[in-house]
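What follows is calculated from the coordinates using simple rules that are stated; it is not laboratory data. Here the structure is a predicted model, which is why all the values come from computation and not from measurement. Here the Cβ positions follow ideal geometry from the backbone for every residue, glycine too, while neighbour counts run over all protein chains shown.
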Amino acid sequence: MIILTKEDLCLKLTFSFGSIMLENKVIILMGPPGCGKGTQSVRVSQKIGKPHISSGNLFRENVAKATPLGEKVSDCISKGFLVPDDLVISMIEERVSRPDCEAGYIIDGFPRTVKQAEIFTQFLCTEKRPFIVLNITVSDEEVYDRLISRITCSSCGQTFRKGTFSMEDRCPNCRGRFIVRKDDNVETIEQRLKTYREETFPIIHFYSTTGKLVEVDGSGDEESVFFKVMKSLQ
Ligand code: AP5
């Protein structure tokens, strides 16, 4: 694999993407745990008809199926630490190389370290893919409130707020059972926020140097955030 410097990457981005049609664009959603990346990714995916790839969902599927990858990552996920870069990068590169991603895709939860961001940007450059990075911001208080209140469908992965449904109800979309994610407890949320600040936040600076970063205020209800997200994609 050829390693490009940051300056090479920026030049390559400036010159290679200008004339390319936007149809195969990659939309990267970033932000702290609970900011609404998953919720908004699903909505954008439905709106523009392109697949939604979530590194967290892919890991949880592997854990649920007890695959060798699932066994390697289960402990990191339940404690709020990041999975090692090499495992994430190979999983994502394999997933986004499938035919359904040819016309573009929405990706959330990846990249999450500067190393992941550098390698993924290089991958996108090699593939001649235009991309945009949306950074969704919310306060820590909002993060705790949303994650402590979250219930998730064990079958389709859709999330809801406790109170809207009881744990005994069935998912309105697929009739799946509700679960509370293992990492949705105060102690692990605290660790996830710490991990985010230390390892993921520096990527914001990395992407601001590429001119591809757009900040989206994630406060307000889902509908109003969706409006802001779609506006920033225009
Ligand atoms: P991941 O699944 O990516 O978890 P996360 O980043 O902690 O994000 P969440 O899924 O918790 O939150 P979200 O921002 O998607 O919010 P959501 O839309 O659900 O990763 C899990 C773990 O996998 C990591 O900790 C790590 O171990 C590992 N991992 C994954 N990717 C990795 C990588 N690249 N490298 C290394 N390790 C990796 O919304 C949250 C709740 O709020 C929901 O209940 C929702 O209904 C509600 N909500 C959403 N929007 C609003 C709104 N506007 N108002 C009110 N409520 C709202």
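In loop segments of region 111-187 as defined by DSSP, the trypsin sites (Lys or Arg not before Pro) with at most 12 further C-beta atoms inside 10 Å of their C-beta are 128, 175. Remark: for residue pairs 25/79; 47/79; 72/194; 72/115; 72/162; 37/212, the C-alpha separation exceeds 28 Å in 25/79; 47/79; 72/162. Once the Cα-Cα distance is subtracted from the 0.36 nm per residue extended length, the residue 161 to residue 85 segment shows a gain of 24.2 nm. Mind checking the angle between helix 222-233 and the chain's longest principal axis? C-alpha axes, 0 to 90 degrees, to the nearest 10. Roughly 10 degrees between the two axes.
Taking each DSSP H run with n ≥ 4 as -39500 (n - 2.57) and averaging over every residue of the chain yields -14000 deg cm²/dmol at 222 nm.
Hull volume per residue, based on the alpha-carbon atoms of region 129-202 and their convex hull, is 137 Å³. Between residue 78 and residue 180, the modelled label-to-label distance comes to 1.5 nm, taking each label 7 Å out from Cα in the direction of the beta carbon. The Cα-based radius of gyration of the chain, divided by its Kirkwood radius, gives an Rg/Rh of 0.95.
Taking a Cβ cut-off of under 12 Å around residue 92, the surrounding Lys, Arg, Asp and Glu residues balance to a net charge of -2, with basic ones at +1 and acidic ones at -1. Remark on residue 113: its backbone amide H falls under 5 Å from none of the residues 5 or more positions apart or on other chains, H modelled at 1.01 Å from N.
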